[in-house]
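**Student:** Following this message is one structure expressed as structure tokens.
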Amino acid sequence: MTGKKVIITGVPGVGKTTVINESMKGLEESGVFYQSINFGSFMYDVALKEGMVQDRDEMRKLDKNTQKRLQQFASQMIARLEGNIIIDTHASVKTPIGFLAGLPEWVLKELKPDVIILVETDSDQILKRRLSDESRVRDIEGYKDIQDHQDFNRAVAAAYAMFTGCTIKYIKNPDFLLEKAVEEMMQTLR
Ligand code: AP5
């Protein structure tokens, strides 16, 4: 297996996909190439084909064992890819019956990440970004719930580091400072 495997996480709406896309553009200019893979899209393609969901926001409400099976499928497919890979996913997923680990043992064994990045910002900014995104069916929750989710992600990331030996990096993506987040992301990916 060649290349670097970088897992990038963050609560929905924190802006991880935005930071990833801008960083990939910047890195390409200096001759560093990554392929970005959305873990949720691999899960969604199967869930849609099997008639379990109609949009990606329904996936976190599926039965726990179904989500586990979709995770297993996605990680096995992604593990086959060669080269530098960014995996855009979640450290944990908020389900109706509690937080579900996004990177449990059966996923980490396949992906073997070099680093796991947590993109974060103040929870009131995340709330505002979610409210202005009409393309998605986001959970309605307050900024304190969003903060709880970010705190849980830090806690569970420590377990992932213990299990794999990878490093954990926090990158802040505050309002008006996207360029700074992109610069830090590019340094980590180089
Ligand atoms: P996924 O597709 O990853 O959905 P998501 O978490 O909702 O991610 P988004 O891409 O919508 O949000 P984002 O944080 O990337 O924000 P964006 O860049 O768009 O996952 C879908 C589903 O798949 C999950 O819900 C789950 O069910 C499942 N799944 C995935 N991985 C899984 C796993 N491992 N295990 C189990 N299930 C899994 O930005 C948001 C907005 O913010 C934009 O409007 C943007 O312009 C704005 N913005 C960004 N940065 C800034 C800034 N610095 N200042 C101001 N505005 C900003």
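**Student:** Among the residues of the stretch 13-31, write down those that are modelled with pLDDT of 95 or more and either of a type in the set (A, V, I, L, M, F, W, C) or outside any helix (DSSP H, G or I) (or both).
**Tutor:** Within the stretch 13-31, V14, G15, V19, I20, M24, L27, G31 meet the criteria.
**Student:** Sticking with this structure for a sec: Restricting to the stretch 27-45, and then to whatever is surrounded by fewer than 16 Cβ atoms within 10 Å (Cβ to Cβ) and within 15 Å of the ligand (Cβ to nearest atom), can you tell me which residue is farthest from Y160 (Cα to Cα)? Spell out the reasoning first.
**Tutor:** Initial filter on the stretch 27-45 (surrounded by fewer than 16 Cβ atoms within 10 Å (Cβ to Cβ)): 28-33, 35, 41, 45.
Still in the list and also within 15 Å of the ligand (Cβ to nearest atom): 41, 45.
Numbers: S41: 22, D45: 26 Å.
Taking the candidates together, the pick is D45.
**Student:** If you don't mind, there's one more thing I want to ask. For the stretch 155-162, state whether one or more residues are open to solvent by 70 Å² or more (accessible area, probe 1.4 Å) and within 15 Å of the ligand (Cβ to nearest atom).
**Tutor:** Among the residues of the stretch 155-162, not one is open to solvent by 70 Å² or more (accessible area, probe 1.4 Å) and within 15 Å of the ligand (Cβ to nearest atom), which makes the answer no.
**Student:** Kindly list the number of the only condition in (1) open to solvent by less than 60 Å² (accessible area, probe 1.4 Å); (2) within 21 Å of F163 (Cβ to Cβ) that fails for T121.
**Tutor:** Unmet for T121, out of (1) open to solvent by less than 60 Å² (accessible area, probe 1.4 Å); (2) within 21 Å of F163 (Cβ to Cβ): (2).
**Student:** Give me a count of the residues in the stretch 46-65 that are part of a loop (DSSP other than H, G, I, E, B), within 12 Å of the ligand (Cβ to nearest atom) and either touching a helix residue (DSSP H, G or I) at 6+ places or on another chain (Cβ under 8 Å) or basic (K, R) (or both).
**Tutor:** The number of residues fulfilling the criteria is 3.
**Student:** OK, next. Go through (1) within 12 Å of the ligand (Cβ to nearest atom); (2) farther than 22 Å from W106 by Cβ for S75 and report which single condition fails.
**Tutor:** All conditions pass for S75, except number (2).
**Student:** I need the full set of residues from the stretch 165-177 which are open to solvent by 50 Å² or more (accessible area, probe 1.4 Å) and either under 18 Å from N84 (Cβ atoms) or within 11 Å of the ligand (Cβ to nearest atom) (or both), in order please.
**Tutor:** Correct list: T167, K169, K172, F176, L177.
**Student:** Every residue in the stretch 46-78 that is farther than 18 Å from P12 by Cα and open to solvent by less than 20 Å² (accessible area, probe 1.4 Å), please.
**Tutor:** A47, V53, L70, A74, S75, I78
**Student:** Still on this model: Among all residue pairs at least 6 apart or on different chains, which show Cβ distances below 6 Å where the first residue, located in the stretch 95-107, is in a strand (DSSP E or B) and near the ligand (Cβ under 8 Å from one of its atoms) and the second is modelled with pLDDT of 95 or more and open to solvent by 30 Å² or more (accessible area, probe 1.4 Å)?
**Tutor:** L100/V93
**Student:** Given the conditions (1) out of contact with any strand residue (DSSP E or B) (no Cβ under 9 Å at 6 or more places or on another chain); (2) open to solvent by 10 Å² or more (accessible area, probe 1.4 Å); (3) aliphatic (A, V, I, L, M), and given that L81 satisfies all but one, which numbered condition is not satisfied?
**Tutor:** Result: L81 passes all but (1).
**Student:** Just to be sure, is V11 touching a residue at least 60 places away in the same chain (Cβ under 8 Å), among the hydrophobic types (A, V, I, L, M, F, W, C) and over 17 Å from E183 (Cα atoms)? Give the steps one after another, and end with the answer.
**Tutor:** On the way: touching a residue at least 60 places away in the same chain (Cβ under 8 Å): yes; among the hydrophobic types (A, V, I, L, M, F, W, C): yes; over 17 Å from E183 (Cα atoms): yes.
Considered against the rule, which asks whether it is touching a residue at least 60 places away in the same chain (Cβ under 8 Å), among the hydrophobic types (A, V, I, L, M, F, W, C) and over 17 Å from E183 (Cα atoms), V11 comes out as yes.
**Student:** Being within 14 Å of T9 (Cβ to Cβ) and not in a loop (DSSP other than H, G, I, E, B) is the filter here; which residues of the stretch 108-121 pass it?
**Tutor:** Within the stretch 108-121, L108, L111, V115, I116, I117, L118, V119, E120 meet the criteria.
**Student:** Continuing with the same structure: If we keep just the residues of the stretch 6-26 that are more than 6 Å from the ligand (Cβ to nearest atom) and open to solvent by less than 10 Å² (accessible area, probe 1.4 Å), which is nearest to the chain's Cα centre (by Cα)?
**Tutor:** So the first thing to find is which residues in the stretch 6-26 are more than 6 Å from the ligand (Cβ to nearest atom), and the list is 6-9, 11, 19-26.
With the extra rule that they be open to solvent by less than 10 Å² (accessible area, probe 1.4 Å), the set shrinks to 6-9, 11, 19-20, 23.
Working: V6: 10, I7: 7, I8: 5, T9: 3, V11: 8, V19: 12, I20: 10, S23: 15 Å.
Only one residue tops the list, namely T9.
The values are calculated or read from the model by the stated rules, or taken from the named source; none is laboratory data. Since we're looking at a predicted model, the values are computed, not measured. Using ideal geometry, Cβ is built from the backbone for each residue, glycine included, and neighbour counts are taken over all protein chains shown. When the accessible area is computed, the model is the full protein with side chains, heavy atoms only, and any ligands, DNA or RNA have been set aside. Shrake-Rupley method; radii C 1.70, N 1.55, O 1.52, S 1.80 Å.
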